[in-house]
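No value in this document is a laboratory result; all are computed from the given coordinates. Computed from a predicted structure; not experimentally measured. Cβ atoms come from the backbone with ideal geometry, glycine included; neighbour counts cover every protein chain shown.
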Amino acid sequence: MSTSSESRAPRSTALSVNVNKVALLRNTRHLGIPSVTRAARQCLEAGAHGITVHPRPDARHIRADDVRELHALLAADWPRAEFNIEGNPFHNLMDFIRELRPHQATFVPDSEDQFTSDHGWRFPQDAERLRPLIAETRALGVRVSLFMDPDAAAMAAARAVGADRVELYTEAYASSRGTPEADAVLARYADAARAAREAGLEVNAGHDLSQDNLGDFLRGVADVREVSIGHAFVADALEQGYAATTRAYLRCIDEAS
């Protein structure tokens, strides 16, 4: 049993590795490689604070068995690491929450055939249908994070429906890098995070974060509790390996502190 996660001093921002793209590569053949659980194990051994999965209804990457195996791995060997399951609560997410009760459920408003997540929840439009599912999830002892655009005006509404956290959708930040709008875009994220905290929410962030942009984001947006990183992480790991990539992202976090 690994005890590495228990001996690490916590950082101000936790790193959760999204292993969806490992499963996507595996699913192109019927050989069971690369292994999703081995990938998660190597990331955790190298210092990652948690694992994220986003099981979509079409199972095009992470599958139901993967979710269960990862849950068992963390429970047995890394009890202090966090398991975060993302998805649409009106599709298949609630089944996993009811069965496994992960540490965190990130509600994402994607359609069943969506290429990738590309927008956050809308308020007041989504409020009433989200409210009972948030209440049920929290009653099961699971923290709820809502995937949100960087809209400061929407943060109080996210708290009002019962969310514990918001995950700021960071694609706009990533795509603005190197453009004249970059500073203004980052300021919008800082304002949204500030509004979230003032409303009583904690702040996560994710989508298109990478080694190139993570540090600047964390320096510009205060008190981010967790970043969830998948696509860029797995791309880096193909060249550097899981352990070296994990340590590189942890350095980005440390240097931004």
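Key figures for this structure:
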{"read-out": "Virtual spin-label span in nm between Glu198 and Ala248, 7 Å along Cα→Cβ", "value": "3.8 nm"}
{"read-out": "Burial order of peptide ranges 180-186, 45-51, 72-78, 13-19 (average beta-carbon count within 10 Å, highest first)", "value": "13-19, 45-51, 72-78, 180-186"}
{"read-out": "Translational diffusion coefficient (Stokes-Einstein; Kirkwood radius from C-alpha pairs) of the chain at 10 °C, 1.306 mPa s, in µm²/s", "value": "87 µm²/s"}
{"read-out": "Potential lengthening between Arg129 and Asp212 on full extension [0.36 nm per residue; Cα-Cα distance subtracted]", "value": "26.1 nm"}
{"read-out": "Among 53-63, 154-164, the order from most to least packed when residues are scored by Cβ within 10 Å on average", "value": "154-164, 53-63"}
{"read-out": "Relative contact order (%) - criterion: Cα under 8 Å, at least six apart; region: segment 4-256", "value": "20 percent"}
{"read-out": "Environment charge at Asp65 (Cβ cut-off 13 Å; Lys +1, Arg +1, Asp -1, Glu -1)", "value": "0"}
